Amino acid sequence: MKLEPLSDRVVLKQLEAEETTKSGIVLPGAEKEKPQQAEVIAVGPGGVVDGKEVKMQVKKGDNVIYSKYAGTEVKLEDTTYIIVKQNDILAIIK
Amino acid sequence: MKLEPLSDRVVLKQLEAEETTKSGIVLPGAEKEKPQQAEVIAVGPGGVVDGKEVKMQVKKGDNVIYSKYAGTEVKLEDTTYIIVKQNDILAIIK
Amino acid sequence: MKLEPLSDRVVLKQLEAEETTKSGIVLPGAEKEKPQQAEVIAVGPGGVVDGKEVKMQVKKGDNVIYSKYAGTEVKLEDTTYIIVKQNDILAIIK
Amino acid sequence: MKLEPLSDRVVLKQLEAEETTKSGIVLPGAEKEKPQQAEVIAVGPGGVVDGKEVKMQVKKGDNVIYSKYAGTEVKLEDTTYIIVKQNDILAIIK
Amino acid sequence: MKLEPLSDRVVLKQLEAEETTKSGIVLPGAEKEKPQQAEVIAVGPGGVVDGKEVKMQVKKGDNVIYSKYAGTEVKLEDTTYIIVKQNDILAIIK
Amino acid sequence: MKLEPLSDRVVLKQLEAEETTKSGIVLPGAEKEKPQQAEVIAVGPGGVVDGKEVKMQVKKGDNVIYSKYAGTEVKLEDTTYIIVKQNDILAIIK
Amino acid sequence: MKLEPLSDRVVLKQLEAEETTKSGIVLPGAEKEKPQQAEVIAVGPGGVVDGKEVKMQVKKGDNVIYSKYAGTEVKLEDTTYIIVKQNDILAIIK
């Protein structure tokens, strides 16, 4: 059982607090959007979105920083995922 | 008697609480939009919507996650349907 | 004396409560928009609307579900009509 | 002395209450926009408006239903006119 | 010393109350925008404005009706001018 | 040390109160935007801005009227500059 | 470990207060956006962003003025970065 995101959407799984600490990432509170570190679980096909060609730039397994408020939480078989549009992913952590 | 959605609209039928529990999907409350699991009942023809070509990506029978607040509830012969635009469907559950 | 809607507008006549009951349609209150069942009385010519080609998809006599708040009520010779844009029609009931 | 509307604007003259009664049109109060019956006095040239080609669909002498709040009242030589964009005219009464 | 408006802007000089009375124009208060009679003092070159070709339709010396709230007042050598976009000019008075 | 504005931005230096008085310009308070007289210090390269070709129409040394609220103040080596988009410049004073 | 910004995003590192003082830049409080001086750390690839071609105009090492409220703070290995869109960078300091 898995989530297949539509168009330019991306399914993320937030990194747990422990992992976050290990990786040395601290995400301070921001007023308008809380950046979050997450792993990419599934990537939509991209294509024409709202009349504009969108090419997917992230891939499964990437660690990314995203804007929390843009996403939607979904719990599937005891795991919580976040579905965002690729445009809400700010950067890849390498 | 059935609903034929126009353009890029999709008719959904929410999965009942029992089914939701069986499938292991739990949808936690989110402030801005409540994701929902539903079955696709009817799919509009797509085509040019608001001046942009839209290709339908879901089909009758798909189980999907959608954003509740974007839709409109309609009760037809004792069944409640939700009519959403395809863009309000976030992912297909497989 | 009749109404000829401009561009992508459609003139609707709401189905009366009795008819609504007969057809088995119940329209529960929704916070943002109240869906309504109505009969299509007149259809605009479509064409280029706001710089985009619009093709009319409903025809006179269709029973449709529409979003009430988008329309404008007009009373002409004791009959109340609602003028909506085609985009405010969600589905055709067949 | 007369008003020559620019681009896609139309100069209207509201039908007087007496006339409105004669024609059998009653315009019930609506929360968002009050539809109004008026006669078309002058029509702008249309053409490219906001980057989009607009073709004028009403002509001098037409009786129309328009959305009041979109227009601007102007009093010229004791007559009150309303200047609206053609897009604020909903239908022609024939 | 004079004002050269950029792109699709127009410099207007409001007609004085006396003149307004002579010309028979009375401008009743409107809630959203107060129409105003003014003389065109200078006209911008038009051209591509916000990605769209704009052709200037008014010329120096025209008497026009404009929407007050869209403009900016500037006092230059004891004369008050109003700078508006051409789109805020509703009609030419002839 | 100097500021090189990006794309369609312009660096302005407000004319001092003394100069303003000398030039005879008085800028009355307006509710939505306070027009301001300023000298152009540096002009961005223009080019494609937000998908639209922008051609710069002001040059270093021009005296201009601009809308204050659109700009951003920056103090560099004891001088205060205002960075605006060219679209916030209403007219050139000649 | 480093941040690779997507599309037209830019990773900035704010100049410390000491440096700011040395460079003579003082950034007065503004109501809507607080301009900030920062060093460019990483630059996204640009390309088609929201359907429009964006060419990156800043490069690693540039000192820039940016609008604070548009960005997102991220702390990575004890360093705080700000991720902005290039459009939120107002000028390069040379």
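Before moving on, here are some points about what is shown:
- Put simply, the amide H of D:Leu90, placed in the peptide plane, has neighbours under 5 Å in D:Ile65, D:Tyr66, D:Ser67, leaving out anything fewer than 5 places away on its chain.
- For residues of C:83-90, the mean tally of beta carbons on other chains within 10 Å: 4
- Other-chain or far-sequence residues with amide H under 5 Å of D:Gln14's (modelled H): D:Glu39, D:Ile82
- 5 angstrom amide H check on D:Gly47, placed H, neighbours 5+ away: D:Val54, D:Met56
- Each label point was placed 7 Å from the Cα along the Cα-to-Cβ direction; for B:Glu39 and A:Glu77 their separation is 2.1 nm.
- Here the 3J(HN,Hα) profile of segment E:40-51, calculated from phi with Karplus coefficients 6.51, -1.76 and 1.60 at θ = phi - 60°, is 7, 9, 8, 10, x, x, x, x, 7, 10, 6, x Hz, Gly and Pro shown as x.
- Legend: mean number of C-beta atoms from other chains within 10 angstrom of residue C-beta atoms, peptide A:50-56, equals 4.
- From least to most packed, judged by other beta carbons within 10 angstrom and beginning with the fewest, C:Thr72, D:Thr80, A:Thr79 follow the order A:Thr79, D:Thr80, C:Thr72.
- Distance between modelled label sites at C:Tyr69 and B:Lys55, nm, 7 Å Cα→Cβ extension: 3.4 nm
- Per-residue shielding of G:58-67, expressed as the average number of other chain Cβ atoms within 10 Å of the residue Cβ, stands at 2.
- Estimated vicinal HN-Hα couplings, Hz - segment F:52-61 in sequence order (Karplus 6.51, -1.76, 1.60; Gly, Pro = x): 10, 5, 10, 9, 6, 10, 10, 9, 3, x
Just so you know, all these numbers are worked out from the coordinates, no wet-lab data involved. Just so it is clear, the structure is predicted and the values come from calculations on it, not from any experiment. Backbone-built Cβ (ideal geometry, glycine too); neighbour counts: all protein chains shown.
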